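Readers should treat all values here as calculations from the given coordinates under stated rules, not as data from a laboratory. Because the structure is a prediction, the values reported are computed rather than measured. Cβ sites come from the backbone with ideal geometry, for glycine too, and all protein chains shown count toward neighbours.
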Amino acid sequence: MFEFKLPSLGADMDEGTLVEWKVKPGEAVHKGQVVAVVDTSKAAIDIEIWQDGTLQQVLVEPGTKVPVGTVLAMLLALDESPTAAAAPAPARQRVSPAARKKAKALGVDLAALKGSGPEGSVTLADIEPAAAASAAAPAPADNRPSDMRQAIAAAMSRSNREIPHYYLLETISLERAWHWLEQENTGRPITERLLMAVLQLKAVALTLKKYPEFNGVYQDGQFKPAAHAHIGVAIALRQGGLIAPALHDVDSKPLGQLMPELADLVKRCRAGSLRSSEMSDACITVTNLGDQGVEAVMGVIYPPQVALVGFGNVAKRPWVDASGGLCVVPTVTASLAADHRVSDGHRGALFLAELRECLQQPQDL
Amino acid sequence: MNASELRSTVLEILQSIAPELDEALLRDNRPLRLQVDLDSMDWLNFLIGLSQRLKVVIAESDYGQLVTLNDLLAYLQARLPKGHAGA
């Protein structure tokens, strides 16, 4: 018997409302299968399971709001039979009597609270801040833009509070990449054309292999490097707001595969059809505001990540070439916002220099 | 397809990319991407939609000519296959 918990959905999403179960008790599930849909302040997320088994008992019903980490269901492992395993009672939330009374008086939803007392119990001290937060920003169910803004604000405030940022900028010639892309796209039907953004993502992923201290998370007082180059791609939603789901294994995929994957990610992000793994396993974020015409982005790191790479607009600008001659070439300003707890400016400068070199060899991306 | 039908088709495809688009606020002689907030992925999807619906080949080297809605309509009108119904 094993537990299926609501996974982490990113630093700015610490609770969710179960919308529906995709499987019924008694049905088999396999690793990677979407088994439930959970609505968060940002979007509805398809929740995957990462172990094969059989759904034994549902512990959370649709319509219930629960914090990340809540056991949603119990499952039987492949080698267990239904008779051999008895489903334990749902873990009861411990709430002190005084806290329960106060919560009732202030209208605080206990199910959505994480307790700070012994063994996670909810104490009186947890109730008043929750009530104050709720009063400061009432959150009707259909008010997603407001909820999302609040969630982004909370994550970014945490980032600015906890992460000692430093920022570096590098203007990079894209002359070779530009011409290579032009030539490459000439031979492709419009449905298979590549965008410069894909070259930039791949270049970041390859750079991370050489500078792994920018690819990972800072948790429990230490840096934990990532084993894969899962890059969070900042995607603006048309109704406002922002989500940065992960594009997986960017370093090992050819551009021709990354392009449709990126297009699909953007499409699903805007349609509200992202997967829990995409919301939780990015270990660096790339943001590209070039289409809005800005020259450079000084980003705020998405915790617990330790770095964010930004790209400004690609435009033709005056440039001094290697022989000292003045010319006009397409350039982009790449920026790195990084965490001083993990790296310093010298390594950050080397990271940007390597990124620059990667973009000079577009045929190798 | 006449000019009015072409404009309606183009706006219909544009609205599938940018559902919040308010046609009344659109100025045909101003940069389209800026008015509708189309990033490079939106722009590519828009052009794919036009290309597939109108059976017009849009070369990447021509993107620079397609700044305003007027530019786009003139470009497409000149390349529409004869007798294309826009279906």
Restrict the check to segment A:203-224 and report whether at least one residue is out of contact with any Gly (no Cβ under 6 Å at 6 or more places or on another chain), surrounded by fewer than 20 Cβ atoms within 10 Å (Cβ to Cβ) and more than 28 Å from A:D344 (Cβ to Cβ). no
Which ranges mark the helices (runs of 4 or more DSSP H) fully within chain B that have 1 or more residues being within 13 Å of chain A (Cβ to nearest Cβ) and crowded, with 17+ Cβ neighbours inside 10 Å? B:3-17, B:32-36, B:40-54
Residue identified as at negative phi and surrounded by 20 or more Cβ atoms within 10 Å (Cβ to Cβ) among A:L78, A:L18: A:L18
Segment A:194-240, residues that are within 14 Å of chain B (Cβ to nearest Cβ) and of a type in the set (S, T, N, Q): A:Q200, A:Q239
Would you confirm, using the coordinates I've provided, whether A:D339 is more than 23 Å from A:A236 (Cβ to Cβ) and among the charged types (D, E, K, R)? yes
Which members of segment A:315-341 meet the condition of being of a type in the set (A, V, I, L, M) and crowded, with 20+ Cβ neighbours inside 10 Å? A:V332, A:A334, A:L336, A:A337, A:A338
Residue check, A:G325 against (1) under 21 Å from the mean Cα position of the chain (by Cα); (2) farther than 16 Å from A:T171 by Cα, all met but one. Which one? (1)
For the subset of segment A:278-293 comprising residues that are within 14 Å of A:L242 (Cβ to Cβ) and of a type in the set (V, I, T), which member is farthest from the other protein chains (Cβ to nearest Cβ)? A:T285
From the set of residues in segment A:249-277 that are small (G, A, S) and within 14 Å of chain B (Cβ to nearest Cβ), which is farthest from A:L181 (Cα to Cα)? A:G272
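Per-residue answers, yes or no, for (1) touching a residue at least 60 places away in the same chain (Cβ under 8 Å); (2) among the small types (G, A, S); (3) surrounded by fewer than 18 Cβ atoms within 10 Å (Cβ to Cβ):
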{"site": "A:G232", "(1), (2), (3)": "yes, yes, no"}
{"site": "A:P254", "(1), (2), (3)": "no, no, yes"}
{"site": "A:A263", "(1), (2), (3)": "no, yes, yes"}
{"site": "A:C269", "(1), (2), (3)": "yes, no, no"}
{"site": "A:S276", "(1), (2), (3)": "yes, yes, no"}
{"site": "A:T285", "(1), (2), (3)": "no, no, no"}
Is one or more of the residues making up segment A:252-267 touching a His at 6+ places or on another chain (Cβ under 7 Å) and among the acidic types (D, E)? no
Do you know which of the residues in segment A:300-315 that are in contact (Cβ under 8 Å) with a residue 60 or more places away in the chain and of a type outside the set (A, V, I, L, M, F, W, C) is nearest to the other protein chains (Cβ to nearest Cβ)? A:Y302
Residues located in segment A:294-336, provided they are assigned to a loop (DSSP other than H, G, I, E, B) and farther than 30 Å from A:L242 by Cβ: A:D321, A:A322, A:S323, A:G324, A:G325
